[in-house]
Amino acid sequence: MKNYNQPNTLGRFGDYGGMYVSETLMPLLIDLDQSYQKIQKDKKFQKELKDLFKNYVGRPSALHHAKNLSAYLNGPKVYFKRDELNHTGAHKINNCLGQILLAKKMGKTRIIAETGAGQHGVATATVCALFGLPCHIYMGSKDIERQKPNVFRMKLLGANIIPVESGSKSLKDAMNEALRDWIKNVRDTFYIIGSTAGPHPYPKMVRDFQSVIGKEAREQILKIEKKLPDYLIACVGGGSNAMGLFYPFLNEKKVQIIGVEAAGKGPKTNQTAATMTSGTPGILHGSYSYVLQDNDGQIKEAHSISAGLDYPGVGPEHSYLKDIKRAKYYGVTDKEALNAFQLCSKLEGIIPALEPSHALAYLIKAFKNKAKGKTIILNLCGRGDKDLFTAAKAIGFDADE
Amino acid sequence: MNKLDQLPSKKILSLFMTCGFPTLSQSKKVFDEILSHQPDIIEFGLPFSDPMADGPIIQESSKIALKSKITTKQSLNLIAQLKKNSQKTAFVIMCYLNTVQKFGVQNFIKEIKNVVDGIILVDLPFEEEKSIKNLLDKNNIHLIKLISPMTDQKRSKRLLKEAKGFVYYISATGITGSNKLDYKEINKNVLALKKQTKIPVLVGFGIKSKKDVMAISKNTKADGVIIGSALIQKYFDLKMNFTKYIISLRKFIKEVKI
């Protein structure tokens, strides 16, 4: 592979990506793109972000050799990139800090965001509290129900939570409503998108802010193992934690890259969120990418036990990486993810979020007694506190007070 | 000849309605009623599952239409059927790009050729339009340009350079069915647009009553108005009584035809 240089100036990753929004938003996206280009070269901005990463988030996140899990697998040597140790408990904060600094720079005074699992909502509410900006979070009412701890967190942080009752009442619909809010409040509002989805420049910008994960992992593994990893594994909903890990390795063709999607009740059922395994290219939320849709182009409702992966679209860069075969994508069911959730807790003393539990499930499935002597970095992008009630219910444990 | 090239010079009325709303068979009756008043333009909304630029009323109408499982093909057939009895009104389709892409752009154009005079692709901005616009041009279907209060003059000049049919000026920053109308600002922007194009400038978003229509006519140099959400709202106001709805539509359209 030649030097990877995506997207182009119109936000295209191959054919994917682009800007499919109404004219009301176009001038804003162009403005955002230009402002983003400026701050990339702004040393003061980068210094401020670096400082926040270190002292507010707690970066660099550790690279943990998961010895017990590795022994259990009797296969590769597994390392966890521990972004679940970040302040707020997931990788989402990396991107939110970048975007809120940009919002400040652009003179915006009101922040909106969508959230599924609540991790991005919590991260957004956190940075809004830190910078003293009013924060409005759109969240599907179904997700509000299944992610109560995060709802309370956001409220404590001073955010206004707007329940979304349309469609499937989850992440996709929250994003529709956030976009509508933005169209209505174009002048003062900055929309912090939490994934590598949406119109250009979001997929690029979010990837860049998240790529701190991959950059650190690269340095860390080179120091420990004196060589690059053989595999990278991350879960993919919209795909921000995965892009963050993958991006700094894309030019290293010996590093094999695996994205794991949520296949819900199974990739061939109607209750799946495995967009790239079960979907076709289409347009959702301003970007051309794989989507779950019917023959008429109506977007289907996704299903996953993990609210963070419960999204019928995927970031355009993943669609591109899939098509050029630079990365491979597989689906993992709710059940497999739940098993991995429990196994990781017992073996490593780390309760993972349900999202990276999908990546763990694939690791366990595909690498048991295989790939001996190889090394793997798995992005443990979130911790499981928020999922305790959902998991308890699914496992059949009465966790009510 | 494209009907959008023969629009009157003043007080143009364009009416929007979602295809398949409330049901496919009732939808035909709704459109028959609207077309019997011979508005200058009719806009057929194709229902989409994720209409991110539309407000709650049009969203709801899409949802209801999709509940009775209307397909793109059925909507296009309905439009073609209506065309047979309507010689005066210009036909325009308003939809989201994914609907067209999934149908196949070439197929879609083949279906609407000689039926439809223009198309509004809500989420296809100028930057992405080239290949579709070429195909539409070849088939004498005008790609209608939306201009928002956020569009600066430099940008609108580029957008309107090859614009045909009419300009859809979004009168409020917001989604369809929004509230506030600032006539002074609308007029200022409409005047600026009229310096950049010879085609009519129509004002849409937030126009709900005869009063609004009169005010636009009196206070601005806009060539006409677009009404959408207000036509659909009546259905919900009347607690989904279809017979009453048709009567109220009739009364409302008579009022707004000034």
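Can you compute the charge dipole magnitude of chain A about its Cα centre, using +1 on each Lys and Arg Cβ and -1 on each Asp and Glu Cβ, nothing else charged? Give it in debye, rounded to the nearest 20.
Values: 55 positive and 39 negative charges, 338 e Å.
It works out to roughly 1620 debye.
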**Asked** When the distances between all Cα atoms of the range B:10-256 are binned every 5 Å from zero, what whole-number percent does each bin get?
**Response** 1, 6, 15, 19, 21, 18, 12, 6, 2, 0
**Request:** For chain A, just give the cysteines left without a disulfide-compatible partner, judged by no other Cys Cβ under 4.7 Å.
**Result:** A:Cys96, A:Cys235, A:Cys344, A:Cys381
**Fill in**
Reduced to Cα centres, the span from the range A:271-306 to the range A:331-359 in Å works out to 24 Å
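For the range B:133-258, state the semi-axes of the equivalent ellipsoid (square roots of 5 times the eigenvalues of the alpha-carbon gyration tensor), sorted largest first and rounded to whole angstrom. Present the calculation step by step, with values, prior to reporting the outcome.
Values: eigenvalues 162, 66, 32 Å².
Equivalent ellipsoid of the range B:133-258: 29, 18, 13 Å, largest first.
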**Complete:** Surpassing 20 Å at the alpha-carbon level, of the pairs A:Lys54/A:Lys386; A:Lys41/A:Lys105; B:Lys29/B:Lys251; A:Lys365/A:Lys386, are A:Lys54/A:Lys386; A:Lys365/A:Lys386
**Item:** Size of the range A:75-220 as Cα extents on the principal axes (Å, biggest first)
**Value:** 50, 35, 28
**Request:** Find, to one decimal place in angstroms, the Kirkwood hydrodynamic radius of the range A:160-265, where the mean of 1/r is taken over every pair of different Cα atoms and then inverted.
**Result:** 15.9 Å
**Asked** Counting DSSP beta bridges with both partners in the protein assembly as shown, what percentage is antiparallel, nearest 5?
**Response** 20 percent
**Item:** Rg/Rh (Cα only; Kirkwood hydrodynamic radius) as it applies to the protein assembly as shown
**Value:** 1.00
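Give me the inter-chain shielding for A:171-178: mean count of other chain Cβ atoms within 10 Å, whole number please. Each step should come with its number before you reach the end.
Numbers: counts 0, 2, 2, 0, 2, 7, 1, 1.
Taking the mean over all residues of the peptide, I get 2.
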**Asked** Taking H as built 1.01 Å from N, whose amide H comes closer than 5 Å to the amide H of A:Ala327, not counting residues under 5 places away?
**Response** A:Lys322
**For q = 0.23 Å⁻¹, Debye-computed log10 I/I(0) when each Cα of the range A:208-296 counts as one equal scatterer** = -1.10
**Message:** Show me, for the range B:201-216, the HN-Hα J-couplings you get by feeding each phi into the Karplus relation (A = 6.51, B = -1.76, C = 1.60, θ = phi - 60°), rounded to Hz, glycine and proline as x.
**Reply:** 10, 10, 9, x, 6, x, 8, 10, 8, 4, 4, 4, 4, 4, 5, 4
**Request:** Could you name the lysines whose alpha carbon sits less than 21 Å from that of B:Lys113, not counting residues in the same chain fewer than 8 places away?
**Result:** B:Lys3, B:Lys28, B:Lys73, B:Lys83, B:Lys84, B:Lys88, B:Lys102, B:Lys130, B:Lys133, B:Lys138, B:Lys145, B:Lys164
**Message:** Helix-only mean residue ellipticity at 222 nm, chain A, DSSP H runs n ≥ 4 weighted -39,500 (n - 2.57), per residue, nearest 500. What is it?
**Reply:** -12500 deg cm²/dmol
**Message:** Please give the Cα centre distance for the range B:100-173 versus the range A:97-158, rounded to the nearest Å.
**Reply:** 36 Å
**Complete:** Phi-derived 3J(HN,Hα) across the range B:34-50 with the Karplus relation (6.51, -1.76, 1.60, θ = phi - 60°), rounded Hz, x for Gly and Pro, is 4, 5, 5, 8, 6, x, 5, 9, 10, 10, 9, x, 8, x, 10, 5, 10
**Request:** Mind telling me which of A:Gly89, A:Gly239, A:Gly282 comes out most flexible in a GNM of chain A, alpha-carbon contacts under 10 Å?
**Result:** A:Gly282
**Request:** Find how many whole Å separate the alpha carbon centroid of the range A:29-56 from the alpha carbon centroid of the range B:3-46.
**Result:** 49 Å
**Item:** Order of B:His142, A:His200, A:His91, A:His64 - criterion: other Cβ atoms within 10 Å of each residue's Cβ, fewest first
**Value:** A:His64, B:His142, A:His200, A:His91
**Message:** Give me log10 I(q)/I(0) at q = 0.25 Å⁻¹ for the range B:60-101, Debye formula, one equal scatterer per alpha-carbon, no solvent.
**Reply:** -1.03
**Request:** Please report, in cubic angstrom per residue, the volume enclosed by the convex hull of the alpha-carbon atoms of the range B:28-136.
**Result:** 110 Å³
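Quick one: length gained pulling A:Lys328 to A:Lys50 fully straight, 0.36 nm per residue minus the C-alpha distance? Present the calculation step by step, with values, prior to reporting the outcome.
Working: separation 278, 0.36 × 278 = 100.08 nm, distance 3.16 nm.
That pair, A:Lys328 and A:Lys50, stretches by 96.9 nm at full extension.
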**Message:** Residue by residue through the range B:5-19, what is 3J(HN,Hα) from phi via Karplus (6.51 cos²θ - 1.76 cosθ + 1.60, θ = phi - 60°)? Round to whole Hz and write x for glycine and proline.
**Reply:** 8, 10, 5, x, 7, 9, 6, 6, 10, 10, 10, 9, 8, 6, 5
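Just so you know, all these numbers are worked out from the coordinates, no wet-lab data involved. Given the structure is predicted, the values throughout are model-derived calculations rather than measurements. Neighbour counts are summed over all protein chains in view; Cβ atoms, including those assigned to glycine, are modelled from backbone coordinates with ideal geometry.
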